[in-house]
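The values are calculated or read from the model by the stated rules, or taken from the named source; none is laboratory data. Predicted, not measured: the structure shown is a model, and the values here were computed from it. All Cβ positions, even for glycine, are placed from backbone atoms using ideal geometry, and neighbour counts span all protein chains on display.
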Amino acid sequence: MWPEHVNLNDSLHTDCWFVRTLTLQGRKNKSDDIRVEWHGDGRMKRTFFAVLTVLVGAAVVAGSVLLLGKAQAEPAVLVAKVIGTAQGPSGEVPHATIDLSIYPEPSASVPGPKHGLEIGNASAGWPFYWPSTTLQLPANSLITMTILQYDGSTTVWNDYFAEVHGTVDGTATYNGKVQRNIEADNVAHTFTLHQYSESTQPELFVSVPMLAVANNAKNEANGYPKPQEITFSFMTGDPGEYVWNCEDPCGNGYVDFGGVMSERGWMSGTVTVV
Ligand SMILES: [Cu+2]
């Protein structure tokens, strides 16, 4: 028997969950009471989840900004040293040199990048250019870059990047030997300098494959094998902002082109021609 005088409407407008026991008129036993559980009309829950969603969203955005800002922080600028003049393709020009190394992983002697998403993974052996990936070169000058390369090979996906492009005579010197290309399966990394896609500044494109050390090479006292020495020269034009990166799949993620491949301080950087 349903008690006629019981009116549930007052309860339907509350937001809070409650339990109410309705006492039946003329009941014989306590067990005849009807227990009603009401979970509100959902407004409170919806408000709660809406606020929670906004807070979680804000936290994700703030976290991403912090993380990406840290990941893409530019390392200290490495400035090419002007050492005199040299004969460029069309006359005498300033001659500058810049020296880099490529390490397979940080060590006691080479601490490696202090930022980037891969710091936490440093023990997993991610490679990096050193001492910086932020380079500054003089304009309209002959630049001679010398790179000591300590890492093993990972085959390039595209043979184009096993060839030398954009240097003064289309060659690079590998341990004193002049070459136009190296074997695709003997590439450790590439130094590939280019402009931003929408740029209207002077054309500058240089790509040089970095010869690998044997994957079973023994380490020397500094914790690294004997490096390959790679030297090449190219001309800069008028001032401009450029980027460079490695085109050899030495990272992780999609076809090994994620991770360090796109990170400043590791396998990608900027070149400012001033
Ligand atoms: Cu690389």
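Here are the numbers for this structure:
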{"item": "Selected residue [of a type in the set (Asp, Glu) and surrounded by 15 or more Cβ atoms within 10 Å (Cβ to Cβ)] from 203, 163", "result": "163"}
{"item": "In the stretch 176-189, residue farthest from the ligand (Cβ to nearest atom) [restricted to those that are in a strand (DSSP E or B) and under 15 Å from residue 227 (Cα atoms)]", "result": "177"}
{"item": "Number of the exception - residue 173 against (1) in contact (Cβ under 8 Å) with a residue 12 or more places away in the chain; (2) polar (S, T, N, Q); (3) in a loop (DSSP other than H, G, I, E, B); (4) away from the ligand (no atom under 16 Å from the Cβ)", "result": "(3)"}
{"item": "Qualifying positions in the stretch 265-274 - in a loop (DSSP other than H, G, I, E, B), aliphatic (A, V, I, L, M) and surrounded by 22 or more Cβ atoms within 10 Å (Cβ to Cβ)", "result": "267"}
{"item": "All positions within the stretch 234-249 that are farther than 18 Å from residue 99 by Cβ, of a type outside the set (Asp, Glu) and within 12 Å of the ligand (Cβ to nearest atom)", "result": "245, 249"}
{"item": "Qualifying residue in the stretch 192-211 (condition: of a type in the set (D, E, K, R), under 22 Å from residue 155 (Cβ atoms), more than 14 Å from the ligand (Cβ to nearest atom) and touching a residue at least 24 places away in the same chain (Cβ under 8 Å))", "result": "no"}
{"item": "Any hit, the stretch 250-264, residues being at pLDDT 90 or above, within 16 Å of the ligand (Cβ to nearest atom), surrounded by 15 or more Cβ atoms within 10 Å (Cβ to Cβ) and assigned to a loop (DSSP other than H, G, I, E, B)", "result": "no"}
{"item": "The lone exception for residue 231 - which of (1) surrounded by 15 or more Cβ atoms within 10 Å (Cβ to Cβ); (2) among the polar types (S, T, N, Q); (3) away from the ligand (no atom under 13 Å from the Cβ); (4) not in a strand (DSSP E or B) it fails", "result": "(4)"}
{"item": "When residues of the stretch 206-224 are limited to those that are within 26 Å of the chain's Cα centre (by Cα) and not β-branched (Val, Ile, Thr), the one surrounded by the most Cβ atoms within 10 Å (Cβ to Cβ)", "result": "209"}
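A quick yes/no check of all residues on (1) modelled with pLDDT of 85 or more; (2) assigned by TED's automatic domain parsing to the domain that holds residue 220:
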{"residue": "59", "(1), (2)": "no, no"}
{"residue": "80", "(1), (2)": "yes, yes"}
{"residue": "91", "(1), (2)": "yes, yes"}
{"residue": "97", "(1), (2)": "yes, yes"}
{"residue": "109", "(1), (2)": "yes, yes"}
{"residue": "112", "(1), (2)": "yes, yes"}
{"residue": "119", "(1), (2)": "no, yes"}
{"residue": "129", "(1), (2)": "yes, yes"}
